[in-house]
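The values are calculated or read from the model by the stated rules, or taken from the named source; none is laboratory data. Here the structure is a predicted model, which is why all the values come from computation and not from measurement. Cβ: placed from backbone, ideal geometry, glycine included. Neighbour counts: every protein chain shown. Note: accessible area is taken over every heavy atom of the protein model, side chains too, but ligands, DNA and RNA are not part of it. Shrake-Rupley method; radii C 1.70, N 1.55, O 1.52, S 1.80 Å.
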Amino acid sequence: GMAIQFGVSVVLVVVAVSGLGGFWGFAAVLWLLLACQGFIGANAQALALAGYGHMVGTAAAVLGALQSAVAGSVSPLVGVFGGDTLAMAAVISAGLLVGLVVLVTATPTFKAPRRNPPRDLRELLDDA
């Protein structure tokens, strides 16, 4: 998911640099990028909150505060880098690259050894 979104962000940078398609070309790629975010964001939040059922309200509040803090601190970079489409595309792409590196290097899902899926329902229930 995030690798695909990062790939789309690279295309967004290319469109911003080349001007390919003008406004509508940029808008179409940006729409595709944001469509990816709709899938990734919701699933990432669900996975992040999965282990905190006993205090899911507090965990959701902390997650929302962190998202707002990161957005508020990163979005001014677009203005610092010129405030144009290239600056926006570059900041988005850099943010996704950082997120992808964190995902691959710091999450248990990528560090844990791969398990074989259960062969049948009985084996699945035995693991539970």
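Note on PHE23: accessible area is roughly 140 Å² with a 1.4 Å probe, heavy atoms of protein only.
Length gained on full extension, ASN43 to ALA61: 4.8 nm, using 0.36 nm per residue less the C-alpha separation. Placing a pseudo-label 7 Å from each Cα along the Cα-to-Cβ vector at ALA69 and SER18 gives an inter-label distance of 4.0 nm. The convex hull built on the alpha-carbon positions of region 1-113 has an orientation-averaged projected area of 7.9 nm². Distances between every pair of Cα atoms in region 1-48, grouped in 5 Å steps from 0 to the bin holding the largest one, split as 5, 22, 27, 19, 13, 7, 5, 2 percent. Between ALA87 and LEU32, the FRET efficiency estimated from the beta carbon spacing at R0 = 22 angstrom works out to 0.70.
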